[in-house]
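Q: Here it is: the structure, laid out below.
The values are calculated or read from the model by the stated rules, or taken from the named source; none is laboratory data. The structure presented is a predicted model; accordingly, all values stated were derived computationally and were not measured. Glycine gets a Cβ as well: all are built from the backbone with ideal geometry, and neighbour counts include every protein chain shown. Accessible surface is based on the protein model in full, side chains and every heavy atom, while ligands, DNA and RNA are left aside. Shrake-Rupley method; radii C 1.70, N 1.55, O 1.52, S 1.80 Å.
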Amino acid sequence: MTTHNWQKSSFSADAANCLNVATTAGGGTLFRESDDPDTVLATTPTRLAALLAGVKSGAIPLNSSHTA
């Protein structure tokens with residue numbers, strides 16, 4: 001079983017619902033929520049950069065009324 005060095009987002013403060021991020025040996029990026037650590041989203045730096053660029057440009061709108 002692979003273990004990862006998960007780091008908590010600095011935006012999470014002391015809240016229980018935190019975003020954790022880790023990198024893989026192959027250069028990938030992993031995300032998970034601290035309240036559901038078994039669910040992990042894996043991506044590549046290229047795809048993550050494209051997602052962030054789309055959000056920043058407005059091409060991918062953020063829905064602030066969404067709740068999980």
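Q: Out of region 38-59, which residues are surrounded by 14 or more Cβ atoms within 10 Å (Cβ to Cβ) and closer than 14 Å to THR2 by Cβ?
A: Within region 38-59, just VAL40 meets the criteria.
Q: Does region 8-37 hold any residues that are modelled with pLDDT of 90 or more, open to solvent by 60 Å² or more (accessible area, probe 1.4 Å) and either touching a His at 6+ places or on another chain (Cβ under 8 Å) or in a strand (DSSP E or B) (or both), and which are they?
A: Correct list: THR23 only.
Q: List pairs: first residue in region 17-39 and more than 19 Å from ALA50 (Cα to Cα), second residue in a loop (DSSP other than H, G, I, E, B) and charged (D, E, K, R) anywhere in the structure, Cβ distance under 7 angstrom, at least six positions apart or on different chains.
A: Partner pairs satisfying both residue conditions: ASN17/ASP35.
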